[in-house]
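Here, each number is a calculation from the coordinates, and none is a lab measurement. All values derive from a computational prediction rather than experimental measurement. Cβ placement follows ideal geometry from the backbone for every residue including glycine, while neighbour counts extend to all protein chains displayed.
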Amino acid sequence: MVFAKSKDANRLDPADVTDGESSAVTENIFDGLLRFRDQSTEIEPALALSWHLSADRRTYTFKLRPGVKFHDETPCDAAAVKFSFDRQRKPLEGQLMEYWQSFFSAVGPVDALDPLTVRVQLLRPDATFLPKLAMFSMGIVSPTAARKWGADFSRHPVGTGPFRFVSWKPNEKIVLEANPDHWAGRPRLDRVIFKPVLENSVRLLELEVGSVAGEAGVMGMDGLNPDDLQRVLANPELRLLSQPGLNVGYLALNTTRPPLTDRRVRQALNLALDRQNLVKAFFADGKLGVVARNPMPPLLWGYAHDVADYPHDPDRARRLLAEAGYPGGLKLEVWAMPVARPYMPLGLKIGEVIQADLRKVGIDAEVVTHEWATYLDKMGNGDHAAALIGWVGDYGDPDNFLYTFFHSSNARKGSASNYAFYRNPRVDALLDAAREAPDPARRAALYREVQHIVHEDASWVPLFHARQMAILRKGVRGYALQPTGSKLFAGVWLQ
Amino acid sequence: MIKVVARRLALLAPILLGVVAIVFAAVRLIPGDPATVILGERATEAAKAALRHDLGLDRPIAVQFAGYLGGLVQGDLGRSLSTGNPVLYEVAARFPATLELALAALALAMLIGVPLGLYAAVRRNSWIDQLATGASLVGVSMPIFWLGLVLMLVFSAQMRVLPLSGRLDLASEVAPLTGLYLLDTLLRGDLPAFRSAALHLALPALTLATVPLAVVGRMTRAAMLEVLGQDYIRTARAKGAGEHRVNWKHALRNAAIPIVTVSGLQAGTLLSGAVITETIFSWPGIGGLAVGAVFSRDFPLLQGCVLVFALTFVLVNLLTDLAYQILDPRLRA
């Protein structure tokens with residue numbers, strides 16, 4: 001099975017991965033204690049068979065699956081789990097361990113109580129700890145191999161996963177082979193080869209052409225030019241998989257910058273944009289993406305289905321602007337992303353359509369862009385007024401979206417991820433409570449309330465949830481899109 | 001000759017030091033913080049500060065430069081920020097691919113361009129000359145992105161004889177000796193893999209060869225025309241030398257210096273990575289590596305790439321100069 005991607009992996013050490021092209025590979029080589037259930041954001045046992053949370057919600061005790069071995073035949077026991085956690089606290093030269101720093105600051109001592117029991121103590125209760133454990137970065141690594149290779153473990157990954165690492169020729173191919181001893185059974189594919197094909201159009205051509213001159217051809221791919229969608233749908237040899245992904249693209253309204261300090265102006269912007277039209281133009285009329293109503297995607301639990309979306313209503317927008325003291329309209333900078341992301345395929349073009357929509361309600365918008373790194377830096381500083389931006393979720397928990405976007409602790413100049421610089425003590429309290437609450441139903445209710453408040457305060461114009469997609473040749477069976485964007489090959493076979 | 005080589009090699013050190021200093025300053029002038037690029041939309045200030053510290057970016061630039069030079073003299077170019085691998089590993093893994101592609105393209109350009117230019121000069125103003133001149137104009141001005149895609153559509157999608165991207169059949173494994181797959185597969189006696197490597201090389205090499213081919217062809221024609229008008233050629237003809245001998249021996253040798261000069265310049269350019277060709281054909285060369293390093297603000301990797309480019313240019317120029325010495329006895333002082 002050859003799968004073509006738009007980029008090569010950067011690193012194959014799961015804890016050290018920060019990009020999707022790398023995690024797509026490592027998730028097939030490594031298992032974590034937990035994993036996301038197939039096609040879901042709910043968690044299920046993987047290397048841990050069961051777990052127990054103490055009454056003070058600060059201590060997790062995991063019972064491990066017995067008899068599991070790494071690809072190098074060493075046992076995957078409690079000591080290996082402890083090692084996999086502890087190594088992320090002290091990166092070696094060349095390692096970043098970025099996910100640990102971002103997500104696991106609450107983790108205290110980790111102890112191997114006996115060969116099959118691991119105790120993890122938290123410095124403070126964290127209701128998002130378990131879904132975070134299912135992320136690719138918490139794959140359990142072979143201590144023997146990690147010690148042997150040091151920072152170069154990234155090029156010699158050894159885990160317990162359904163596939164074993166065979167070889168990696170940078171920018172040519174990564175080869176994995178089936179692990180016959182995998183605890184969930186041997187995968188049906190003998191080999192999986194990841195091949196980077198940089199150009200979207202060339203990648204599709206390779207998939208269409210299949211095998212040339214008797215050589216192994218591409219069987220599946222991701223990353224499609226929107227213009228090529230019809231070509232794929234019309235080709236009986238190909239199959240398109242598509243579903244809304246764990247992402248959101250939006251227009252951030254900097255609530256600290258006049259005139260956006262006025263809620264009525266922000267609501268007017270929500271009413272002024274014809275988002276159906278944007279989806280029609282830029283997401284192939286819904287085939288590539290859907291209109292976003294809330295800051296988090298609907299496939300996530302806790303989604304507030306009862307939020308009444310802002311309609312496209314230019315008249316009401318004009319009235320609100322007049323009420324706010326701008327009867328003659330106003331001037332506004334709209335920043336457009338210079339890079340393409342699934343949730344924002346053509347930033348500048350989208351900016352121009354937004355500019356046209358705004359002109360109709362009397363807002364004179366100027367579309368501005370910067371080079372990408374500068375763009376992010378400036379947004380983190382709050383230099384923008386209205387800016388297009390987006391987010392791809394890391395783990396299936398509303399916290400990963402709402403806390404990131406709306407908690408005041410994320411609205412510090414210089415490093416904001418709360419690009420609206422939105423500060424609301426009530427929302428802070430709800431988000432904090434949801435982090436601590438043990439009961440999922442209670443947490444969902446808290447997150448729904450947050451979505452209602454931020455909808456009313458209109459610190460964003462939520463725009464799109466991109467569909468994620470994969471294109472496969474007809475004979476590929478058993479491949480499914482995962483909400484987290486994982487590319488899993490354990491259940492795949494060729495007809 | 002040995003003196004020339006020695007002098008040029010001695011100059012290498014100061015040239016490289018200058019290049020390193022300029023590149024070191026230049027990459028840091030690109031706006032955008034590497035920590036932001038690496039951490040992306042997810043960055044928190046604490047994480048960015050920690051990362052900047054880990055990367056040594058919070059130290060004064062002079063200290064950073066001294067540290068870099070210190071590593072450099074020991075052959076340590078640092079580690080790539082995005083992959084964490086030693087820069088030397090990254091560059092060494094990718095340079096042979098560029099070398100193979102560049103040599104193949106240059107060989108095509110010389111083997112076709114020189115005879116074509118020569119023939120066009122000898123048959124000046126004939127239809128062949130007109131055709132060659134017109135074709136070379138097209139070759140120079142052709143957008144190679146477009147040409148690459150057309151070649152793919154014809155030879156891969158329609159005729160299905162040449163593969164679209166990559167260097168080798170995915171099922172083949174070639175343990176690297178030189179990193180040049182044509183050579184490695186031959187040395188290992190693996191003929192199916194050799195065939196696969198040649199098929200994979202064909203389209204990118206052809207695409208990449210168009211511009212140098214046109215340049216070399218035009219230069220050969222111009223240089224030959226100048227030489228053919230000179231007295232000694234008339235003398236050679238008067239002595240009864242055959243047309244073939246006059247053109248290939250008497251004329252071409254004297255026309256060779258400008259041809260070698262442009263070929264050397266083209267070689268330097270090809271070896272610094274043919275970014276567009278490498279991108280269309282997903283050829284894993286050093287051009288794409290350098291471009292990726294710019295976008296990800298991978299300072300150490302970018303510095304490593306530019307260092308290799310500078311080294312390549314200096315060496316190619318040296319080889320060109322040596323070729324002058326062989327071609328023109330007057331220069332052998």
For each of B:Thr277, A:Thr26, count neighbouring Cβ atoms within 10 Å of the residue's Cβ, then give the residues from fewest to most.
-> A:Thr26, B:Thr277
Evaluate the charge dipole of the protein assembly as shown about its Cα centre and quote only its size in Debye, nearest 20, assuming +1 on the Cβ of each Lys and Arg and -1 on the Cβ of each Asp and Glu.
-> 1680
Dipole of the protein assembly as shown [Lys/Arg +1, Asp/Glu -1 at C-beta], most positive-end residue of A:Leu176, A:Ala411, A:Phe85 = A:Leu176
Using alpha carbons only, what's the Rg to Rh ratio of chain A with Rh from Kirkwood?
-> 0.99
Where only alpha carbons of region A:12-146 are counted, the Rg and the Dmax (Å) = 13.9, 40
Under 16 Å by backbone N from the virtual spin label 7 Å along Cα-to-Cβ at A:Arg316, the residues of region A:430-466 are A:455-459, A:461-462
Taking the Cα centre of region A:247-467 as the origin and placing charges on Cβ (Lys, Arg +1; Asp, Glu -1), which of A:Leu446, A:Val368, A:Tyr250 is farthest toward the positive end of the dipole?
-> A:Val368
For region A:473-488, in residue order, the Karplus 3J(HN,Hα) values (coefficients 6.51, -1.76, 1.60; θ = phi - 60°; whole Hz; Gly and Pro = x) are 6, 3, x, 7, 10, x, 8, 10, 6, 10, x, 6, x, 4, 10, 10
Give the relative contact order (percent, whole number) for chain A; include only Cα pairs under 8 Å separated by 6+ residues.
-> 19
Taking every residue of A:368-378, the Cβ atoms of other protein chains inside 10 Å of its Cβ average out to 5
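Over 27 Å between Cα atoms: which of A:Lys5/A:Lys474; A:Lys331/A:Lys413; A:Lys331/A:Lys378; A:Lys7/B:Lys48; A:Lys173/A:Lys349; A:Lys169/A:Lys378 fall into that group?
Listed pairs above 27 Å: A:Lys173/A:Lys349; A:Lys169/A:Lys378.
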Please report the Cα spread of region B:103-228 along all three principal axes, rounded to whole Å, starting with the longest.
-> 52, 31, 19
B:Arg79 long-range amide H proximity, modeled H, under 5 Å = B:Val87
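Sort A:His384, A:His370 so that the residue with the fewest other Cβ atoms within 10 Å of its own Cβ comes first and the one with the most comes last. Kindly include the intermediate steps, with their values, before the conclusion.
Values: A:His384 24, A:His370 20.
With the sparsest Cβ surroundings first, the list reads A:His370, A:His384.
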A:Thr74 versus B:Ala21: modelled label distance in nm, points set 7 Å from Cα along the beta carbon direction | 4.8
DSSP beta bridges in the protein assembly as shown, what fraction antiparallel, as a percent rounded to 5?
-> 80
Would you mind giving the three semi-axes, in whole Å and largest first, of the ellipsoid equivalent to region A:431-495 according to its Cα gyration tensor?
-> 37, 18, 7
Neighbour-count ranking [beta-carbon atoms within 10 angstrom, fewest first] of B:Met142, A:Met344, B:Met110 | B:Met142, B:Met110, A:Met344
Quick one: Debye curve from the C-alpha atoms of region A:288-404, no solvent, what's log10 I(q)/I(0) at q = 0.14 Å⁻¹?
-> -0.76
Enter the per residue convex hull volume of region B:195-333, computed from alpha-carbon coordinates, in Å³ rounded to the nearest integer.
-> 141
Starting from the alpha-carbon convex hull of region B:124-163, give the projected area averaged over all orientations, in nm².
-> 3.7
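Over the Cα atoms of region A:200-336, compute the convex hull volume and normalise it per residue, giving Å³.
Taking the convex hull of the Cα positions in region A:200-336, it is 155 Å³ per residue.
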Phi angles of region A:350-359, converted by Karplus (6.51 cos²θ - 1.76 cosθ + 1.60, θ = phi - 60°) into ³J(HN,Hα) in whole Hz with x for Gly and Pro, give 4, x, 5, 5, 4, 4, 5, 4, 5, 4
Over the Cα atoms of the protein assembly as shown, how large are the radius of gyration and the largest Cα-Cα distance (Dmax), in Å?
-> 30.4, 109
Where a ≥ b ≥ c are the square roots of the eigenvalues of the C-alpha gyration tensor, would you call region A:226-266 rounded, which needs a/c under 1.5, or, failing that, prolate if a/b is larger than b/c, or oblate?
-> prolate
Isotropically averaged projected area of region B:289-328, using the convex hull of Cα atoms (one quarter of hull area), nm² = 2.8
How big is the charge dipole of region A:83-163 about its Cα centre, in debye rounded to the nearest 20, if each Lys and Arg gets +1 on its Cβ and each Asp and Glu gets -1 on its Cβ?
-> 60
A:Lys90 versus B:Tyr232: modelled label distance in nm, points set 7 Å from Cα along the beta carbon direction | 7.4
Cα-derived Rg over Rh, computed across region A:208-247 with Rh taken as Kirkwood radius = 1.03
Note on chain B: C-alpha Rg/Rh, Kirkwood Rh, two decimals, gives 1.05
Taking the Cα centre of region A:247-467 as origin, work out the dipole magnitude from +1 charges on Lys and Arg Cβ and -1 charges on Asp and Glu Cβ, in debye rounded to 20.
-> 240
Using the Kirkwood radius over Cα pairs of region A:378-495, the Stokes-Einstein translational diffusion coefficient at 10 °C and 1.306 mPa s, in µm²/s and rounded to a whole number, is 95
Have a look at B:Leu57, B:Leu307, B:Leu151 and tell me which one the Gaussian network model of chain B (Cα, springs below 10 Å) gives the largest fluctuation.
-> B:Leu57
Using the Kirkwood radius built from alpha carbon pairs, what does the Stokes-Einstein equation give as D for region A:247-467 at 37 °C and 0.692 mPa s, in µm² per second?
-> 189
